[in-house]
Amino acid sequence: MYVVLLTYTAPLQEIDYALPDHVEWLAKQYEHEYLLASGRREAHLGEVLLARPMPRGKLDAVLASDPLALANLAHHEVIDFVVTRTAAQLRELNESITH
């Protein structure tokens, strides 16, 4: 599984202009079941994405297609981790993505 820290690298006015395309891109990633969760970081620094396990090259290709990345408005930092424990509410999800 991956945690992706998306950091804006441009003024918020430029980010706001590109957000509709980014939101559409996010929707497509959910349709493909690549993303499990996403949300805005505090103080509008960027976003956090939770991506399901996949080959790292595939994830890199998906992130490279983000309109914010294509326009050089954001940087993606990828943190790879293995889920070994979850809250009871997430146990079924954890079992479905690790087996």
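Details
- Among residues of the stretch 43-72 being small (Gly, Ala, Ser) and exposed (fewer than 14 other Cβ atoms within 10 Å of the Cβ), the one that is modelled with the lowest pLDDT is ALA43.
- Residues that are surrounded by 12 or more Cβ atoms within 10 Å (Cβ to Cβ) and either more than 19 Å from LEU49 (Cα to Cα) or of a type in the set (S, T, N, Q) (or both), drawn from the stretch 73-90: THR86
- Hits in the stretch 48-73 (condition: of a type in the set (A, V, I, L, M), in contact with a Phe, Trp or Tyr (Cβ under 8 Å, 6 or more places away or on another chain) and either more than 14 Å from LEU26 (Cα to Cα) or assigned to a loop (DSSP other than H, G, I, E, B) (or both)): MET54, LEU73
- Test: THR7 is at negative phi and in a loop (DSSP other than H, G, I, E, B): no
- Scanning the stretch 17-31 turns up no residue that is assigned to a loop (DSSP other than H, G, I, E, B) and within 11 Å of the chain's Cα centre (by Cα).
- Flag for ALA18 being surrounded by 15 or more Cβ atoms within 10 Å (Cβ to Cβ) and farther than 26 Å from VAL83 by Cα: yes
- Beta carbons closer than 9 Å, at least 6 apart along the sequence or on distinct chains, pair a first residue in the stretch 45-72 that is among the polar types (S, T, N, Q) with a second that is not in a helix (DSSP H, G or I) for ASN72/THR9; ASN72/ALA10.
The values are calculated or read from the model by the stated rules, or taken from the named source; none is laboratory data. Every value quoted in this text rests on a predicted model; they were computed, and no experiment measured them. Here Cβ is always computed from backbone atoms with ideal geometry, including for glycine, and neighbour counts include all displayed protein chains.
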